[in-house]
Every structure is written in structure tokens, then in C-alpha cells.
Amino acid sequence: MRNRYIDSFEKSQIEGKNIPAFRAGDTLKVAVRIKEGNKERVQNFEGLCIALRGEGTGRTFIVRKIGANSIGVE
């Protein structure tokens, strides 16, 4: 049983955000914001979703891509 305060907080964090529905086996393109000192850049990563865990705002997923020299990157 989850705490109602945590549920309320998670709902407020998700409200108004366009969160796409996806599942394992889908191809995803993830943009990661990277800060280096006072510089900031966006790095794109595209690959296959191989796992989903959890629910709500704590949901995590693993994206795998085959990079150079046939090396898998997650």
C-alpha cells in the first residue's frame, strides 16, 4: 500500500506533461542534457527499449543500441 501523500506528489509532477506510452521492443530516442562546467549540451541516444521497471515517476527503462564495431551500449 502506497502513501497517499506520495501519490498526490507524483500526480502533481506528471500533470500537464506529455509523457509518451511505450513498452519493451519499441525504438526510443532519448535526449540527455549534460552540464560540463558552465556549458550545457544535449546528447541524443537512439536504441531499442529492452526493459521497463517500476511505475509512476519512479519508472525506469533500459535502452540498448549497437554502436561502432558491433559493441552494445546501454
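Tallying residues that are modelled with pLDDT of 90 or more, within 13 Å of the chain's Cα centre (by Cα) and exposed (fewer than 13 other Cβ atoms within 10 Å of the Cβ) within region 42-63 yields 5. Within region 8-25, the set of residues being under 14 Å from Arg59 (Cβ atoms) and either in contact with a helix residue (DSSP H, G or I) (Cβ under 6 Å, 6 or more places away or on another chain) or not basic (Lys, Arg) (or both) comprises Glu10, Gln13, Ile14, Ile19, Pro20, Ala21, Phe22, Ala24. Take the conditions surrounded by 10 or more Cβ atoms within 10 Å (Cβ to Cβ), modelled with pLDDT under 90 and farther than 30 Å from Ser8 by Cβ and apply them to Glu74. Does it pass? Against the criterion (surrounded by 10 or more Cβ atoms within 10 Å (Cβ to Cβ), modelled with pLDDT under 90 and farther than 30 Å from Ser8 by Cβ), Glu74 qualifies. Once region 50-74 is narrowed to residues that are free of Cβ contacts under 8 Å to residues at least 40 places away in the same chain and among the polar types (S, T, N, Q), the residue that is nearest to Asp26 (Cα to Cα) is Thr60.
Reported count of residues in region 8-41, each being loosely packed, with under 11 Cβ neighbours inside 10 Å and within 25 Å of Ile71 (Cα to Cα), is 8.
The values are calculated or read from the model by the stated rules, or taken from the named source; none is laboratory data. These numbers come from a predicted model, not from an experiment. Note that each Cβ is placed from the backbone with ideal geometry, even for glycine, and that neighbours are counted across all protein chains shown.
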